[in-house]
1. Output the number of the condition that Leu376 fails; it satisfies all remaining conditions of (1) within 26 Å of Pro56 (Cβ to Cβ); (2) surrounded by fewer than 16 Cβ atoms within 10 Å (Cβ to Cβ); (3) in contact (Cβ under 8 Å) with a residue 24 or more places away in the chain; (4) more than 30 Å from the chain's Cα centre (by Cα).
2. Within the bounds of segment 259-274, is there any residue that is more than 22 Å from the chain's Cα centre (by Cα), surrounded by fewer than 19 Cβ atoms within 10 Å (Cβ to Cβ) and either among the charged types (D, E, K, R) or closer than 23 Å to Gly191 by Cβ (or both)?
3. Give the number of residues within segment 379-409 that are modelled with pLDDT under 95, surrounded by 13 or more Cβ atoms within 10 Å (Cβ to Cβ) and closer than 21 Å to Thr460 by Cβ.
4. Go through segment 349-373 residue by residue and tally those that are more than 17 Å from Ala423 (Cα to Cα), surrounded by 12 or more Cβ atoms within 10 Å (Cβ to Cβ) and under 32 Å from the mean Cα position of the chain (by Cα).
5. Which residues, counting only those in segment 278-291, are surrounded by fewer than 23 Cβ atoms within 10 Å (Cβ to Cβ) and either more than 26 Å from Asn464 (Cα to Cα) or among the charged types (D, E, K, R) (or both)?
6. Taking the criterion of being modelled with pLDDT of 95 or more, touching an Asp or Glu at 6+ places or on another chain (Cβ under 8 Å) and closer than 30 Å to Lys214 by Cα, would at least one residue in segment 143-150 satisfy it?
7. Using beta carbons and a limit of 9 Å, which pairs, at least six apart or on different chains, have the first residue in segment 345-368 and on the phi > 0 side of the Ramachandran plot and the second one outside any loop (DSSP other than H, G, I, E, B) and exposed (fewer than 12 other Cβ atoms within 10 Å of the Cβ)?
8. Inspect all residues belonging to segment 216-232 and state whether any of them is surrounded by 21 or more Cβ atoms within 10 Å (Cβ to Cβ), in contact (Cβ under 8 Å) with a residue 24 or more places away in the chain, out of contact with any Leu (no Cβ under 9 Å at 6 or more places or on another chain) and in a loop (DSSP other than H, G, I, E, B).
Amino acid sequence: MLAIETTLRQTTPEAQGISARAVLDFVEAVDRDIRYLHSFMLLRHGAVVAEGWWSPYAPERPHMLFSLSKSYTSTAVGLAVAEGRLTVDDKVVDFFPDDLPHRVSPNLAAMRVRHLLSMCTGHAEDTTGPMRDRRDGNWAREFLRRSVKYEPGTHFLYNTGATYMLSAIVQKLTGLGLVDYLRPRLFDPLGIDYAEWETCPRGIATGGFGLSVKTDAIARLGQLYVQQGMWEGRRLLPAAWVAEATRSHIDNSPNENIDWAQGYGYQFWRCRHNIYRGDGAFGQYCIVMPEQDAVLAITSGVTNMQAVLDLVWEHLLPAMGPDALPPDAAADDQLLARLATLAVPPQPGAADSPVAATVSGRTYRFEKNDQRIADLTLTFGRRAVTLSLKEGRRRHNIRLGQGAWVEGKSTAFGPTKPSPVLASGAWTDANTYVAYLCFVETPFCPTITLKFDGDRVEFTYRNNVSFGPTDQPTLTGQADA
């Protein structure tokens with residue numbers, strides 16, 4: 001395993017022209033206004049000047065990137081272009097002769113690789129949903145049969161299906177999925193030891209989402225870009241590609257969030273302040289600041305992504321001076337002490353309740369419901385509480401710490417395979433028990449509120465972030481006789 005110290009050195013913020021007090025102000029503002037990031041790494045002049053993980057998140061844990069995956073896909077295309085396997089002016093239809101519709105429209109025929117890269121394919125609607133719903137699993141064929149309303153290159157539409165097509169093109173040309181293609185060309189040279197990518201039913205990496213890596217892997221990608229494709233004296237990516245991928249190719253205004261209206265590159269967003277970024281849903285960021293020679297990697301589970309960027313521009317960006325600052329040992333120590341205490345606290349409340357003994361071990365059953373919750377049992381033991389929950393046909397047994405996190409694995413509430421979960425629970429009043437779950441390789445941290453009343457329980461599920469409603473309707477369960 002390659003350790004981070006092999007290529008990313010650690011220094012004080014002042015040594016790289018940043019005040020430690022400004023970084024501390026950023027962290028304090030995050031905890032006050034955002035609650036919570038999951039991790040961040042700030043690099044300047046190639047050195048890590050500050051990094052932190054909000055426990056139970058940790059450096060060794062990968063994190064889902066959602067659409068930040070797109071920037072890695074774009075990089076794969078850049079590498080394939082550098083190897084002479086394709087050009088950005090190649091026609092999309094030429095890669096998929098067996099999947100074309102009976103009639104190829106003029107707009108589809110005109111679509112080129114650069115239109116996939118810059119989200120201006122000409123579609124009026126995101127193709128991702130219909131592609132994923134296709135019964136035979138041929139996502140490329142579904143993409144190609146969707147109506148192309150506009151002339152490619154004239155209309156911006158954030159279209160994750162376009163990124164999948166880039167992944168499919170790379171796999172067609174190389175015979176390798178994105179992880180295997182990037183392993184010797186990007187991941188290994190950068191010291192990225194873990195990368196896992198979801199695939200479509202036909203085994204092609206989803207491209208526009210589905211990549212999980214550690215926080216330092218995000219920072220390393222950003223550092224490669226801020227260094228114009230160079231890494232430890234070796235050119236990994238052409239400087240011309242870096243410039244082309246990160247400039248604006250299409251107008252993406254208007255948008256209510258100002259940093260989503262500054263133009264779009266090749267799977268990178270332009271920002272204010274001549275900055276660019278890759279980003280993913282719920283606050284996954286690779287922020288590259290070329291003029292400051294700085295990179296900021298962030299993972300999180302937030303609803304307001306613009307608010308995170310606003311804090312970066314307010315606290316970190318102005319603090320980056322051109323020269324090293326005088327040492328400030330007191331500020332450095334204060335910052336390090338604060339970073340060591342970053343945490344998402346476990347569920348607050350009492351460990352016991354007058355009704356705990358009465359409800360412990362009882363099974364409560366629910367009538368058929370859209371949440372597919374069939375029954376639950378809450379059992380209080382000496383060292384931990386166990387929540388046993390039947391969701392559809394699956395039985396989940398989740399151990400909950402009292403005033404602390406307990407680690408386990410679960411497929412509850414969505415994951416298709418067991419996912420690490422840190423869980424805690426407490427009584428918030430005499431009749432109400434709240435379970436707080438952190439699926440620490442994802443942005444998702446749901447809470448389950450159980451309100452007991454005699455032989456009945458009210459079950460309420462709420463997620464911190466979601467592509468749909470975060471709050472689900474309360475269900476009422478009846479205890480077995």
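The values are calculated or read from the model by the stated rules, or taken from the named source; none is laboratory data. Everything numeric in this text was worked out from a predicted model, so none of it was measured. No Cβ is skipped: glycine too gets one built from the backbone with ideal geometry, and neighbour counts run over all protein chains shown.
1. Unmet condition: (2).
2. No, that holds for no residue.
3. 1
4. Residues meeting the conditions: 4.
5. Residues satisfying the conditions are Pro290, Glu291.
6. no
7. So the pair list comes out as Gly349/Asp429.
8. No, segment 216-232 contains no residue that is surrounded by 21 or more Cβ atoms within 10 Å (Cβ to Cβ), in contact (Cβ under 8 Å) with a residue 24 or more places away in the chain, out of contact with any Leu (no Cβ under 9 Å at 6 or more places or on another chain) and in a loop (DSSP other than H, G, I, E, B).
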